[in-house]
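Participant: Next up is a structure, given as structure tokens.
Just so it is clear, none of the values below were taken in a lab; they were calculated from the coordinates. Worth saying up front: this structure is predicted, and the values here are computed from it rather than measured. Quick reminder, even Gly has a Cβ in these numbers, built from the backbone with ideal geometry, and neighbours come from all protein chains shown.
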Amino acid sequence: MSWLKEIKEFSSLSEYERFTDYLAGRLSEDELEEIEPKEYYHGKSPFGLNEDRWFKDCSSKDIWKLVPPDFPFKGLFEKVDYPLDGYKS
């Protein structure tokens with residue numbers, strides 16, 4: 001079981017920024033590893049931008065995705081339930 005918790009939506013841009021700072025700290029402590037999402041999970045943007053960031057919890061091996069806010073969508077942080085291609089290793 002992961003120590004991370006789902007965030008259904010961010011209440012503000014500053015909350016999102018604080019959370020990304022928190023994740024940066026966990027990355028520097030080697031508690032998380034940022035991984036490249038596969039194209040079939042989020043498709044290709046016509047502008048070449050894929051802003052989703054994916055993370056692997058180094059202790060549980062669970063995969064999480066962070067999607068930034070883009071009004072009116074408030075962003076989210078959620079566990080990826082069925083990662084493919086050996087993400088769990």
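Participant: Subtract the Cα-Cα distance of Leu27 and Glu9 from 0.36 nm times their separation in residues, and report this length gain in nm to one decimal.
Facilitator: 4.3 nm
Participant: Going 7 Å from the Cα of Ile35 toward and past its Cβ, which residues in region 1-23 have a backbone nitrogen under 19 Å from where you end up?
Facilitator: From region 1-23, the list is 1-7, 23.
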